[in-house]
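Read-outs throughout are calculated quantities, based only on the coordinates presented, and are distinct from any laboratory measurement. It should be emphasised that the depicted structure is a prediction, and the values quoted were computed from it without experimental measurement. Ideal geometry is used to build each Cβ from the backbone, glycine not excepted, and the neighbour counts take in all protein chains shown.
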Amino acid sequence: MRMQSPNPYEPTLGEHLRSQGISRRGFLKFCGLLASSMALAPAMIPKIAAALEQAKRPSVIWLSFQECTGCTESLTRSHSPSLEGLVFDAISLDYHHTLQAASGDAAEHAREEAMKEHYGKYVLVVDGSIPLDNPGYSTIAGISNLDMLKEAAAGAAAIIAVGTCAAYGGLPKADPNPTGAVSVSDIIKDKPIINVPGCPPIPMVITGVIAHFLTFGLPELDSLGRPKAFYGQSIHDRCYRRPFYERGLFAETFDDEGAKAGWCLYKLGCKGPVTYNACATTKWNDGTSFPIESGHGCIGCSEPNFWDFGGFYKAISIPTGASGKNAVYAAAAGIAAGVAIGAMNKKSKAEAASSHQTVTVEELNQESGS
Amino acid sequence: MNEVDFLLWVKGSAFNIALFIFMAGLVLRLFEILSLGRKVNYAVPKGDPMQGGLREIFRRFGTDKATFQRSMITIVVGYVFHIGLFVVIFLLAAHVEVFKSVMGFGWPNLSTPVVDAFAVVTMIALVVVLIHRLQHPVKRFLSSPGDYVAWAVTFVPLLTGYMAYHHLLLSPQMMLGLHILSVEVLLIVFPFTKLMHTFTVFLSRWYNGASMGLRGVKS
Amino acid sequence: MSTLTLERGINAFKAQIDAPMASFFSSCVSCGMCADACLFYTENPEPRFTPIYKLEPLRRVWEQEYTLIGKLKAKLGLSKPVTDAELAEWQELVYNNCSLCGRCTLICPVGNDITYMIRRMREGMVASGHAPGGLIGASTRAVQIGSPMGVKLPALQAQVRHLEKSSGLTVPFDQEGAEYLLMLSSMEIMNYPEYLGAVAKILTNAGKTWTLSSECFEATNSGIQIGSSDIARELVSRVVAAAEKLKVKTVISPECGHAYTALRWEGPNLIGRPYTFAAKHIVEVLDELRAEGLLQTEGFEESKLTFHDPCQLVRRGGVVEQPRNLLNMVAKNFVEMADHGTLNWCCGAGGGVSANEDAEEVKLKAFQRKKKQLDELHVDTLVTACANCRIQLEEGMEVNQMDIPVLGLTEMIAEHLVERKGGAA
């Protein structure tokens, strides 16, 4: 990856890839992969290819706030030489403080230059959440995350919130949220924002979203701002262990016979049924596997608040609070209230009994007194 | 509040509130009932009230042939949805986990499609029960709003649970959230509606049976 | 002088409601099965005759007075207090259309003792001045004259003299230390005097000592029927006083259903202590004599006959086997009705219905249930062990032009009695 300096001639992506030695065959293969991961028909592959060929290399500014660099790691640790990497390489990454060679003023200068030069056209990528409690919790070059985001967002064509922290607040926002962390969409309301959550997101998904943006513009998003193409199905829907779920066969511990036989991990806390991501189809590590294949349930990392989802090892249905204790307190409260109302009932009944006047036949034979 | 926040809320504080009201309400209601006491009986017993009470608790699960014929829909459909509710509530793996987390112990579950089938049958039975209630002159006459509330709070959790499992209409998170919320509504109204019969039925059968036992009535 | 008021009625409801009733009201799921168990509904299918509905005012008092949610509802104006007009309206349901037969209690799937609650509800109906005139009349006569039908001792003495003359038996009065004190119902004295002859014959033949009391001969208890513990206590106290004065071992309740309930089950609770004597129904006594070998019969009834179980004996008293043991001694062609024993259908006139003029029409409608049962069987004779059932059955058959004689079980046994050598007769 190289930092691009402003260039009057902007080569198309196709030209750039060819100059990098990527064959037409390899390029089409990548387009096919993209198409399938976006659940597009094979007939769309040539269209993707044509669109990508013609796409201009956009300027990309990548801001990293309260994050762990895992998202960047995910992307850069992809296999070399990978096509995803190359597409990533093909964008004009004008600022990324982890990856760029420049540092200090030079780095910030590059950002300011790019923002000026491509105002209204650059793509803003954000990873990490933004602290609102105290701007000093996280700053870059003395600028608070909030200010930097607002400034960079103003001239952005679109924002891609990479990783669950940027998309939904992620780990920093986990209870008790000491920094007052929020997501990009909590702050920026007037720009298109594409959430690419995951902790980290699948590299293929990051590049796929970028490719989609380059070729077809903004992708169709779900209610949580995620591209439906990658987040349209739950892990559970596509899980190869699903048949065991259906048959009611569950691993009870990580080393029991069920676990060894590859049964469903629902009872061990798998969040697959409520987690939307492409792990089960795209997989990780160059398509090797995904966590459930390693015998660990999905932790739901592409969903908001996944850290506070009641524990990674507790089944989804389990309430998050201390229910058992609560029930005991409730019973105690019930006893207290019951004793009180019981005493009232007893008193009321005793009063009724003592105020009973003997009924006589003389009374019965009177004209009704009421 | 997005759907995950909603789901977390229903699984967290809302569940705790509902469980609290349910438990406290249950205990309170039992105190309310038992505090009214019973007079000492001076009549010389002809039989053992305890035995009679226990006998009636079990005997009333069945009925004589003529009564069965007269009240066939009530009895058959009633049985179907009660068994269905039992299976769905207590034998679905996800539910067993909830009980385990609240009570500290669990039990084996049935396979999900089996429970799913029970859920469908139970829903159908409940719809029949509702139609029957609306059409049967006596039932319609006896029914108060409370009867329909009790029906609704029983039916909705089944429906939302079914829809959450089959990913119908809304996202599974939303549906799961609605499902849990509907159960919380059920828990909250439970002690204060006729749903309370789940517990008092044993008390009532026992009281009635004890009176029968005392008089030496064997049915 | 004090009067009966709504306030006294509600107060009585509050005093009567107990834990079982609270449990019953909490358990009702409005399934309506009690309607199908009740002959006042099946023969006159108006939904308001559903047994549990007859308790609605009482249920509301329970909810408003003894439940948190009910108190809350009342505060918010969501539930209205029970009014005098409502109780007036309910009189028809609680008295005319309920014979306290206990069938709903037996059938209710959640186990509600509806009959018990209606009996308790009547306490409030009485205290609020909503008891029917017929029952007020009967109660008044019972308290003031000693018999709901106004039968006085001279009338009984006349019957006794007649009996002694025609049978040669001695009918003792006020025999202290006798084993049995024989109680009667006015109905038997006036309409079925053969009952007294039959018992006299059997007991004497069995070598038992027995007696009538000149101070108290009436076993029936209008207080139980109208639903006033105060009146019922007064009436049952007379029996207890007579029995204890004569120091008898056992008081025999006559062929009457509710008299048995009054004497056997409610009596000790009304006077607030156990009896010093046993209380038994005549059928129980006869079956004991049979078991002891003191009751032997000869010959068999030729006709096809069936037995009508008095509700208070089977469902409220546990007397099921005894009449069958006795019948089988004298009948070869004894057939059971489709619903018999604890499941038997009421004659339609128990629980005060027969004494209630307002219920004349209703009770004949209710009889249709018995008619259907009898029509299925084609019997020649109907046997029962309750004078009140017997009157209703005879009246119902007459109205419906059915020609089936109704006999008392005791008389039938007496007719087949074999005289014992050791007997006093």
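If you take every DSSP beta bridge whose two residues both sit in the protein assembly as shown, what share of them, in percent to the nearest 5, is antiparallel? The antiparallel proportion sits near 20 percent. Per residue, the protein assembly as shown reaches -15500 deg cm²/dmol at 222 nm when only DSSP H runs of four or more residues are counted, each adding -39500 (n - 2.57). Taking the Cα atoms of segment C:140-291, the ratio Rg/Rh between the radius of gyration and the Kirkwood radius comes to 0.94.
Cβ-to-Cβ counts within 10 Å put C:CYS311, C:CYS256, C:CYS216 in ascending order as C:CYS216, C:CYS311, C:CYS256, the fewest first.
Hydrodynamic estimate: the Kirkwood radius of chain A over Cα pairs, inserted into Stokes-Einstein at 4 °C and 1.567 mPa s, corresponds to D of 54 µm²/s.
Please sort by residue number the GluC sites (Glu not before Pro) in segment A:193-293 whose DSSP state is loop and whose Cβ has at most 14 other Cβ atoms within 10 Å. If you can, show how the numbers build up before the last one.
On the way: sites: A:GLU220, A:GLU246, A:GLU252, A:GLU257, A:GLU293; in loops: A:GLU220, A:GLU252.
When the GluC sites (Glu not before Pro) of segment A:193-293 are filtered for loop state and at most 14 Cβ neighbours within 10 Å, A:GLU220, A:GLU252 remain.
Protection proxy ranking for B:83-92, C:54-63, B:69-78, using the average of other Cβ atoms within 10 Å per residue and placing the highest first: C:54-63, B:83-92, B:69-78.
For chain B, a Gaussian network of Cα nodes joined below 10 Å ranks B:PHE22, B:PHE190, B:PHE99 by mean-square fluctuation, and the top entry is B:PHE99. When both bridge partners sit in segment C:305-415, DSSP labels roughly 0% of those beta bridges antiparallel. Rg over Rh of segment A:214-285, using C-alpha atoms and the Kirkwood radius, what does it come to? Expressed as Rg/Rh, it is 1.11. For segment A:278-341, the Cα-based Rg and Dmax, in that order, read 20.1, 67 Å.
Please enumerate, by chain and number, the aspartates and glutamates with C-alpha under 16 Å from the C-alpha of C:LYS165, excluding those fewer than 8 residues away in the same chain. The reachable aspartates and glutamates, counting only those whose Cα sits under 16 Å from C:LYS165, are C:GLU194. Annotation: cysteines of chain A without a disulfide-compatible partner (Cβ-Cβ under 4.7 angstrom) are A:CYS31, A:CYS68, A:CYS71, A:CYS165, A:CYS239, A:CYS264, A:CYS270, A:CYS279, A:CYS298. Principal axis extents of the C-alpha atoms in segment B:113-194 (largest first, rounded to whole Å): 41, 26, 20. Normalised by residue number, the volume inside the convex hull of the Cα atoms of segment C:233-390 is 120 Å³ per residue.
Qualifying GluC sites (Glu not before Pro) in segment C:96-181, where qualification requires a DSSP coil assignment and no more than 11 other C-beta atoms within 10 Å, comprise C:GLU176. Here segment C:6-130 is described by how far its Cα atoms reach on the three principal axes: 39, 29, 23 Å, from widest to narrowest.
The Cα-based radius of gyration of the protein assembly as shown, divided by its Kirkwood radius, gives an Rg/Rh of 1.21. Ordering A:SER294, B:SER144, C:SER253 from the fewest to the most neighbouring beta carbons within 10 Å gives A:SER294, B:SER144, C:SER253.
Over segment C:351-404, the reciprocal of the mean inverse Cα-Cα separation, the Kirkwood hydrodynamic radius, stands at 11.6 Å.
Reducing segment C:283-304 and segment C:307-352 to their Cα centroids gives an inter-centroid distance of 16 Å. Scanning chain C for cysteines with no neighbouring cysteine C-beta under 4.7 angstrom from their C-beta gives C:CYS28, C:CYS31, C:CYS38, C:CYS98, C:CYS108, C:CYS216, C:CYS256.
Contact order, relative form, for segment C:140-291: 24 percent (alpha carbon pairs under 8 Å, 6 or more residues apart, mean separation divided by residue count).
Normalised by 2.2 N^0.38 Å, where N counts its residues, the alpha-carbon radius of gyration of segment C:64-159 equals 1.50. Pairs of C-alpha atoms in segment A:13-231 farther apart than 20 Å represent 57 percent of all such pairs. For chain B, just say rounded, prolate or oblate: build the C-alpha gyration tensor, square-root its eigenvalues into a ≥ b ≥ c, call rounded for a/c under 1.5, and beyond that prolate if a/b exceeds b/c, oblate if not. Prolate, because a/c is 1.5 or more and a/b exceeds b/c.
Need one number for segment C:287-350: average projected area of the convex hull over its C-alpha atoms, nm².
So the mean shadow area of the Cα hull is 4.9 nm².
The alpha-carbon atoms of chain C define a convex hull whose volume equals 138 cubic angstrom per residue. When you work out D = kT/(6 pi eta Rh) for segment A:214-370 at 10 °C and 1.306 mPa s, using the Kirkwood radius from C-alpha pairs as Rh and the Stokes-Einstein form, the result is 76 µm²/s.
Only aspartates and glutamates eight or more places from A:LYS173 in sequence, or on another chain, were considered; those with a Cα closer than 18 Å are A:GLU67, A:ASP127, A:ASP133, A:ASP186, A:GLU303, A:ASP308, B:GLU3, B:ASP5. Using a Gaussian network model of chain A in which every pair of alpha carbons under 10 angstrom is joined by a spring, one finds that among A:GLY338, A:GLY155, A:GLY104 the greatest mean-square fluctuation is at A:GLY338. Within chain A, antiparallel bridges make up roughly 30 percent of the DSSP beta bridges whose residues both belong there. Computed extension length for C:LEU76-C:GLU244: 55.0 nm, one decimal, from 0.36 nm per residue of separation with the Cα-Cα distance subtracted. Loop-located trypsin sites (Lys or Arg not before Pro) across segment C:285-334 with a Cβ neighbour count of 14 or fewer within 10 Å are C:LYS332, with loop assigned by DSSP. Is any residue of segment C:16-38 close enough, with backbone N under 15 Å, to a label point placed 7 angstrom from the Cα of B:PHE141 along the Cα-Cβ axis, and if so, which? So the set is C:30-38. Measuring between their Cα centroids, segment C:191-259 and segment B:151-219 lie 51 Å from each other.
Any chance you could check the Cα centroid distance between segment B:79-101 and segment A:215-239 for me, in angstrom? Distance between centres, Cα-based: 34 Å.
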